[in-house]
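Here the structure comes first, spelled out in structure tokens, and everything after it is commentary.
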Amino acid sequence: MLILTCPCCGVTAEETEFHGGGEAHLKRFGPGSDDADYESYMFSRKNPRGVHFERWRHVYGCGKWFLAARCTMTLEVFATYPAQTLEPPADVITAIKSKRPEWEGFV
Amino acid sequence: MSEISVSALPAAQSEGFVRVTEAGLRGMITLRGDLASAAIAKAVQEITGAALPPMRRIVQAGENAVVWMSPDELLILCPHDQAPGMEAALRAALAGEFATVANVSDARAVFSLSGTAWRDALAKLCPVDFSTLGTGDIRRTRAAQVAAAILVTGPEEVDLICFRSVAQYMFDILSAAASAGSEPALYV
């Protein structure tokens, strides 16, 4: 079971109270960008085995979006943090590194 | 247009190990805006008599209550016939502020659960550890397949607010979860 803590309202609940919003920290390539960048933005996702960053919405609770760092294999959640974040904050990276020393870092 | 308001399931009631009652008409006003703003705190205090609630808490003031719904949303509870006046007063007090006020009284249904084992009944429907909830707490979650707000009004009393369109569904699942002889006895 995936258990998330919403950073907006502090509620800890299991997955069915939330709704997944796909990979986090995507860089948007809009009109005027070249085809390869646009294709990669639209269709290419990391889909890693292990540490992953995702968008989640607390859909049955406060309704807010937030970001989560979790392991796709064990469902362990390393941290949840505000959606208004362009890249994983340093404390989140530290939390992941302490539990997954072999992790290559956020790329 | 008819001026007569009728609640979703008038007088619906079921007896089980917890009593489920449709609570009738309640005045409900949604106020959205920056809850850190002094203007909102002042308007709410003057018009409802209640201070702004801390995160996931309810502040009661006589017949009115102010409920924390999300980081930028409050639900103001009041007698049903006072809701239009209170809405107008809030709207006037917050003119020019970055805030919205809406009277949602007739968009919702309210059920009251009473009995010591209300946690056991709701635990069958909601993905929530109810031992963490005490009097004056609010928890928004889902009950089976629909959204619900659970307001803990006393040690043996809970109000549950849902959309009016799912009132019959909510009453049915609550009655089934509270039916006599089906106590899970999780919280004893």
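The values are calculated or read from the model by the stated rules, or taken from the named source; none is laboratory data. No experiment lies behind these values; they were computed from the predicted model shown. Virtual Cβ from ideal backbone geometry, glycine too; neighbours counted across all protein chains shown. When the accessible area is computed, the model is the full protein with side chains, heavy atoms only, and any ligands, DNA or RNA have been set aside. Shrake-Rupley method; radii C 1.70, N 1.55, O 1.52, S 1.80 Å.
Quick look at the numbers
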| item | result |
| --- | --- |
| Length-normalised contact order of the stretch A:3-99 in % [C-alpha pairs under 8 Å, at least 6 apart] | 26 |
| Solvent-accessible surface (1.4 angstrom probe) belonging to A:His25, in square angstrom, nearest 10 | 40 |
| Residue-averaged 222 nm ellipticity for chain A, from DSSP H runs of 4+ at -39500 (n - 2.57), nearest 500 | -5000 deg cm²/dmol |
| The protein assembly as shown, accessible surface, carbon-and-sulfur percent (1.4 angstrom probe) | 54 |
| Percent RCO, i.e. relative contact order, over chain B, from Cα pairs under 8 Å lying at least 6 residues apart | 25 |
| Gyration tensor verdict on the stretch B:27-106 (Cα atoms; rounded if a/c is under 1.5, prolate if a/b is larger than b/c, oblate otherwise) | rounded |
| Chain B: angle of helix B:83-93 to the longest principal axis, Cα-based, in degrees nearest 10 | 40 |
| Unit charges on C-beta of K, R, D, E only; dipole of the stretch A:3-99, Debye | 200 |
| Averaged over B:62-71, number of beta-carbon atoms from partner chains that fall within 10 Å | 2 |
| With DNA, RNA and ligands ignored, accessible area of B:Cys126 (1.4 Å probe; Å², nearest 10) | 10 |
| Net dipole in debye of the protein assembly as shown [+1 Lys, Arg Cβ; -1 Asp, Glu Cβ; about Cα centre; nearest 20] | 400 |
| Selected from B:Thr30, B:Thr132, B:Thr100 as most flexible by GNM, with chain B as the system and alpha-carbon contacts under 10 Å | B:Thr132 |
| Kirkwood Rh, Cα atoms: Rg over Rh of the protein assembly as shown | 1.03 |
| Residue mean of other protein chain beta carbons inside 10 Å, B:143-151 | 1 |
| B:Glu22 accessible area, assembled protein chains, probe 1.4 Å, Å² | 10 |
| Listed residues B:Met55, B:Met170, B:Met86, most fluctuating in chain B (Gaussian network, C-alpha, under 10 Å) | B:Met55 |
| Shielding by partners - mean other protein chain Cβ count within 10 Å, residues of A:6-18 | 4 |
